[in-house]
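Accompanying notes for the structure given below.
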Amino acid sequence: MGVNFSAILEHSLNIIGLMGLPNMLNSDRSFEDLRGLTNNGEWQWLHDADTILHYEIHGFITLTGPSNLKIIFGKYLCELYHVSRWDDFTENQEIQLWLRRVCLSFSPLLNNPIYVPQIYDCDVFVLDGNTMSDVKEFLYNTFGESALLISDIKRIQVNQYNGYSGYYLDKFDDI
């Protein structure tokens, strides 16, 4: 069984801002790079007509997008998920650059991402309404400082997180 890529990002959108997000991603000039990276595919809410109700009841909503991208929005955080395997992200420069550029293209709305293997279950922070400070504290207490390079996150056994040694806070200094 493989582990997929995920990125945790902070946002400050309220429910009104979130509702307009698919239209913005699909047509706003600010997201031309994103549309180019994803072949102009459509973004839409998974829960369509019941999106606001789902958010009010469950505290999160899911935006599905092109190229097998999905973003789960909680109160303060979101998780960008892709079907790429974590090992491919850390070892394949083409996949890594594409996913980093996708994350960078969200910069008009979202803060810099923290890349984590999905096995870390950081989506719990998104679903429970935690903040980026909570995520950083958890990751630091579990793994120490952020890796200096994405390729530094290797397969090892660390506590209950079999297989990986850390996380990476992207500042996009090199792209």
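Computed from the coordinates by the stated procedures, all read-outs in this text should not be read as laboratory data. This structure is a prediction, so every number in the text was calculated from the model and none was measured.
So what is the relative contact order of the chain, in percent, for Cα pairs below 8 Å that sit 6 or more residues apart?
Computed over the chain, the figure is 26 percent.
D for the chain, whole µm²/s, Stokes-Einstein with Kirkwood Rh over alpha-carbon pairs at 10 °C and 1.306 mPa s: what number?
96 µm²/s
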